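Okay, structure first, notes after.
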Amino acid sequence: MDNNKIQYLISCSKDGDRFAFSSLVRYFQSKIFSLTFRMLCNEDEAKDVMQDVFIKAWLHLNDYDSKYHFSTWLYRIASNLCLDKIKSFEKTHLTTIKEYNIASNQNIETELINKEIAHNIKQLTNRLSAKQKLLFTLRYLEELDIPEIIDITGMSAAKIKSNLYLARKTITNKIKSIEK
Amino acid sequence: MKNIEKYTEIEFKHLIADISRQQPILSDAETLLTETIIQLPNRPLPKLKRYFEFYRIILNTAAVFLIGLFIFQYVTDTSDKRTDDKKIDTAWVTNFKDNPCKKISRTNLLQYKELYACYLENNKRTPNPFTKK
């Protein structure tokens, strides 16, 4: 979908066209799910947050600045919601987000693949702070460039780089300790 | 030590490449989409539209009030007119049965004027030549 079409769909959505907005959701939901899943490492939570992202986007469409990519704006909302979710888990002293029940879901194969991905990410990032995890996910897993991360997080380039350096150091230390 | 550092750096790159390649799968994407669209609340109106909406309500109320007032005034005027007409009948015609003006028919307003003129003519006072000015 090219940018002109996206902008057209956004302007229709601003007028309350749900069908236009559903096209936007269909196009961006896998991207947003990828970020929320990698941040929360839980499929159900990731889906819930993803839905919240689109509902929030729908309600605040008038605040969207067209000089940014729509995906950047959605990533920003998703990042904030994920950070809030992680903070709320930390507040309730849940260091690990609960594992999801495989038996209750019909699509076992997908669940198993997602569970494996979640396990790998968790193992790699469990020592990172929420902010470091977000930056690590955006930079290395979502493969976004620094200017886009600046737009998403609102942090300065220097701060992003120093946080990424710390995250990288924590992870390489972990690799070293595993090898020993 | 440097080799270990380099080794872990390579390991890190491999690991990151591996994990970033593993894309989480969104199962039931269409169901989720439908659920999301159903959950969407009504969009809040933009500021300008909100002002328009506010003034629209006020103007509508004022218009309804004015229409009501006009109707009330119209109804009141008509009933007053009817009462006045009745007063003319009783005061000029009914009470003065011997009045010569009674011969004039009273079917419309013009004839009422004629009747009034006749009444004035019959009741005019002639000046007394013996009284001093």
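The values are calculated or read from the model by the stated rules, or taken from the named source; none is laboratory data. The structure presented is a predicted model; accordingly, all values stated were derived computationally and were not measured. Here Cβ is always computed from backbone atoms with ideal geometry, including for glycine, and neighbour counts include all displayed protein chains. These accessible areas exclude ligands, DNA and RNA; they are computed on the full protein's heavy atoms, side chains included. Shrake-Rupley method; radii C 1.70, N 1.55, O 1.52, S 1.80 Å.
Scanning the range B:10-24 for residues that are touching a helix residue (DSSP H, G or I) at 6+ places or on another chain (Cβ under 7 Å) and open to solvent by 70 Å² or more (accessible area, probe 1.4 Å) returns a single hit, B:Q23.
A search for C-beta distances below 7 Å between a residue of the range A:82-93 that is at negative phi and any residue that is part of a loop (DSSP other than H, G, I, E, B) and open to solvent by less than 30 Å² (accessible area, probe 1.4 Å), counting only pairs 6+ apart in sequence or on different chains, returns A:F89/A:I97.
Out of the range A:37-51, which residues are assigned to a helix (DSSP H, G or I), more than 9 Å from every other protein chain (Cβ to nearest Cβ) and in contact with a helix residue (DSSP H, G or I) (Cβ under 6 Å, 6 or more places away or on another chain)? Let's see the steps before the verdict.
First, pick out the residues of the range A:37-51 that are assigned to a helix (DSSP H, G or I): A:37-40, A:43-51.
Of the ones still in play, those that are also more than 9 Å from every other protein chain (Cβ to nearest Cβ) are A:39-40, A:44-45, A:48-49.
Residues satisfying the conditions are A:M39, A:L40, A:V49.
Annotation: of all residues in the range A:127-153 being away from chain B (no Cβ under 13 Å) and without any contact (Cβ under 8 Å) to a residue 24 or more places away in the chain, the one that is surrounded by the fewest Cβ atoms within 10 Å (Cβ to Cβ) is A:D145.
If the condition is being more than 8 Å from chain B (Cβ to nearest Cβ) and either closer than 16 Å to A:L81 by Cα or not small (G, A, S) (or both), then the range A:21-36 contributes A:L24, A:Y27, A:F28, A:K31, A:I32, A:L35, A:T36.
A:H69 passes every criterion in (1) more than 21 Å from B:A29 (Cα to Cα); (2) within 12 Å of chain B (Cβ to nearest Cβ); (3) not basic (K, R) apart from (2). When residues in the range A:154-179 are screened for being in contact (Cβ under 8 Å) with a residue 12 or more places away in the chain and among the polar types (S, T, N, Q), 2 of them pass.
Only one entry of A:F89, A:F33 meets the criterion of being within 23 Å of A:L128 (Cα to Cα), under 11 Å from the mean Cα position of the chain (by Cα) and either assigned to a helix (DSSP H, G or I) or at pLDDT 90 or above (or both), and that entry is A:F33.
Residues that are exposed (fewer than 15 other Cβ atoms within 10 Å of the Cβ), under 19 Å from the mean Cα position of the chain (by Cα) and within 11 Å of chain B (Cβ to nearest Cβ) do occur in the range A:58-66. Here the range B:19-44 is the region considered, the condition is being under 49 Å from the mean Cα position of the chain (by Cα) and of a type in the set (D, E), and the residue that is farthest from the other protein chains (Cβ to nearest Cβ) is B:E30.
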